[in-house]
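Below you'll find the structure, written out as structure tokens, and then a few comments.
The values are calculated or read from the model by the stated rules, or taken from the named source; none is laboratory data. Quantities reported herein were computed from a predicted structural model and do not represent experimental measurements. Backbone-built Cβ (ideal geometry, glycine too); neighbour counts: all protein chains shown. For the accessible areas, the whole protein counts, side chains as well, though only heavy atoms, and no ligand, DNA or RNA atoms are used. Shrake-Rupley method; radii C 1.70, N 1.55, O 1.52, S 1.80 Å.
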Amino acid sequence: MPKGGVDTVNLDGEGFETLVTDGQVIQCGDPLLLVDLETIKDKVPSIITPVVFTSLVGQEVTLNKSGFQRAGSTNFISINK
């Protein structure tokens, strides 16, 4: 059972590669971040990955799927105006 907390900030970026820049316009399907789970899994209490949305004023987020999702899964979240 995973422990609580997401302590990846203590890794100072190790195991993570940002694929976009601040203010960059992105489209559905654009990769945003690469995470090397093998590099970080023994250095953090959990590899659970939260997803945070910002700037969604007037929009609604719908979770279409929950739980474990295989790599390449699509349509697990919808954002509606």
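Quick notes on this structure:
- Using a Förster distance of 30 Å, the FRET efficiency for Lys81-Leu32 (Cβ separation, nearest 0.05): 0.90
- Qualifying chymotrypsin sites (Phe, Trp or Tyr not before Pro) in the chain, where qualification requires a DSSP coil assignment and no more than 13 other C-beta atoms within 10 Å, comprise Phe53, Phe68, Phe76.
- Share of carbon and sulfur in the accessible heavy-atom surface of region 7-81 [1.4 Å probe, %]: 53
- Across the chain, the relative contact order, built from alpha-carbon pairs under 8 Å that are at least six residues apart, equals 28 percent.
- Modelled this way, with points 7 Å down the Cα-to-C-beta line, the labels at Ser55 and Glu17 are 2.5 nm from one another.
- Shape category assigned to the chain from the gyration tensor of Cα positions, a/c cut at 1.5: prolate
- Residue-normalised accessible area of the chain, given per residue in Å² at a 1.4 Å probe: 87
- For the chain, a simple Cβ point-charge model (Lys and Arg +1, Asp and Glu -1, everything else neutral) yields a dipole of about 440 debye relative to the Cα centre.
- Residue-by-residue Karplus 3J(HN,Hα) for region 22-33, coefficients 6.51, -1.76, 1.60, Hz, glycine and proline x: 4, x, 5, 7, 10, 10, 3, x, 5, x, 10, 7
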